[in-house]
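Peer 1: Have a look at the structure that comes next, please.
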Amino acid sequence: MVQQRTFPLWLWITVGSVSVALYSIAVPVSSALYQVPVAVAFAFSALICGALPLALLKPRLAIGLFLVGLLGNGILAGSGRDPFWPWPIPVTEIITLALLIALVVYRQGWMLGVVTWSLALAVALAIPPLSGGTPAVSFGAILADLIVTFSIAAAALGFAFLVVGRNQIRDELAREKEVSAEEQARRQLIEERSRIARELHDVVAHSMSVIQVQASTAKYRVSDLGDPAIAEFDDIAASARSALAEMRRLLGTLRPDGEEAERMPQRTIGDVPGLIESARRAGVPIDLSIDDDLRGAPLSAQVAVFRIVQEAISNALRHAPGSRVSVGIAQSNTSGVVVSVINSAPQSTPVDAAGGGHGIIGMRERTSMLGGQLETHATPEGGWIVHAVLPFDADAGASVRAEGNA
């Protein structure tokens, strides 16, 4: 079953205009050339030409009215017409039939179009025997008129079928493209979360390692420890080692097949100046303002700051070539850090601005993980701004995320 369509205004205007034009021609042709009474010519021509706009709303009713007008007008035209005029289907009705079939196919599908073509042929074949007092006319003239009429109608049927098929394929491709885009976005989100989880492993592993070392060496560093206390520290060290082993196994499941584990430590706020200097050597003008007191910030926040700055600079290079970039990292009014990366309007058109889509996704995931806030939007001058606020209190960040999920 073909779905109901909502037709654009231009189609209604076009079909209505064509219908009025054909009607204004069909009435004088029927009355003057085929000797059909004027009142009857008005009525039957209205049924024939009015079927065109009606086909957009009620195609089956439009077909019925057209066939009634075709039969009545053909019978009356056959008794008083000039033998040299085409009959049983005049030229105006040939054009109307072709347009009607095209609209029916566009509105309801090819099957009803074939039915319309067949019914019109049956009615046309019935007109000569039903017309009384027909002037002498050769069978060849009638056959020629029918061949021309239904050849044109068949061409309209085929053309409409091709157009409708093309539109259906285009709609299917558009839907598949939307589904593919959604799947790609979901895959990118999962990949980014996996990468963040692998980075978070290093942060947690560092803390667990410190706990394990402190617990293992406590009996050597602290004097006068009793046997129960030493046993307690040994249990803490064993639990820390077990937790580290479990984290490594979990990390292995998050790593794609064939990907080797990273050997270098995670980048932190202290690595931001090196990142900026590397971009400057590449010819990018970048201003940096960084609060040195932030070097002692929690490791998870430092890793997030570095990655946000890295992604923001990468996006500025890709989408705003020739722009000037300003990077600011400062202590917030509360316990946290504020990251701001602003680039000016691009000086040239990007050669290839189609990135992988990970940048903003990654920044938003890292900010959300710490319970922070991220804003990304265009500036009035035509540039772009990335503004992130990351709290240091992990418990506060967890409570913010819990409230957001509630």
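The values are calculated or read from the model by the stated rules, or taken from the named source; none is laboratory data. Quick caveat: nothing in here was measured; it's all calculated off a predicted structure. Glycine gets a Cβ as well: all are built from the backbone with ideal geometry, and neighbour counts include every protein chain shown. These accessible areas exclude ligands, DNA and RNA; they are computed on the full protein's heavy atoms, side chains included. Shrake-Rupley method; radii C 1.70, N 1.55, O 1.52, S 1.80 Å.
Peer 1: Looking at (1) within 48 Å of the chain's Cα centre (by Cα); (2) without any contact (Cβ under 8 Å) to a residue 40 or more places away in the chain; (3) buried (at least 22 other Cβ atoms within 10 Å of the Cβ), which one does residue 62 not meet, given that it meets all the others?
Peer 2: (2)
Peer 1: Tally the residues that are part of a strand (DSSP E or B), surrounded by 14 or more Cβ atoms within 10 Å (Cβ to Cβ) and out of contact with any helix residue (DSSP H, G or I) (no Cβ under 8 Å at 6 or more places or on another chain), restricting the search to the stretch 372-386.
Peer 2: 1
Peer 1: Which condition from (1) modelled with pLDDT under 80; (2) in contact with a helix residue (DSSP H, G or I) (Cβ under 8 Å, 6 or more places away or on another chain); (3) surrounded by fewer than 19 Cβ atoms within 10 Å (Cβ to Cβ) is the one that residue 266 breaks?
Peer 2: (3)
Peer 1: How many of the residues in the stretch 214-229 are in contact (Cβ under 8 Å) with a residue 12 or more places away in the chain and not basic (Lys, Arg)?
Peer 2: First, pick out the residues of the stretch 214-229 that are in contact (Cβ under 8 Å) with a residue 12 or more places away in the chain: 215-216, 218-219.
Within this subset, residues satisfying the condition of being not basic (Lys, Arg) are 215-216, 218.
Within the stretch 214-229, residues that are in contact (Cβ under 8 Å) with a residue 12 or more places away in the chain and not basic (Lys, Arg) number 3.
Peer 1: Just need a number here: residues in the stretch 22-52 that are open to solvent by 40 Å² or more (accessible area, probe 1.4 Å) and either at negative phi or β-branched (Val, Ile, Thr) (or both). Give the steps one after another, and end with the answer.
Peer 2: Taking the stretch 22-52 and keeping what is open to solvent by 40 Å² or more (accessible area, probe 1.4 Å), we get 23-25, 28, 32-33, 35, 37-40, 42-44, 46-47.
Subsequent filtering for residues that are either at negative phi or β-branched (Val, Ile, Thr) (or both) retains 23-25, 28, 32-33, 37-40, 42-44, 46-47.
Total satisfying the criteria: 15.
Peer 1: Also, quick follow-up: Name the single residue that is most open to solvent (accessible area, probe 1.4 Å) among those in the stretch 85-117 being assigned to a helix (DSSP H, G or I), closer than 15 Å to residue 158 by Cβ and not aliphatic (A, V, I, L, M).
Peer 2: 110
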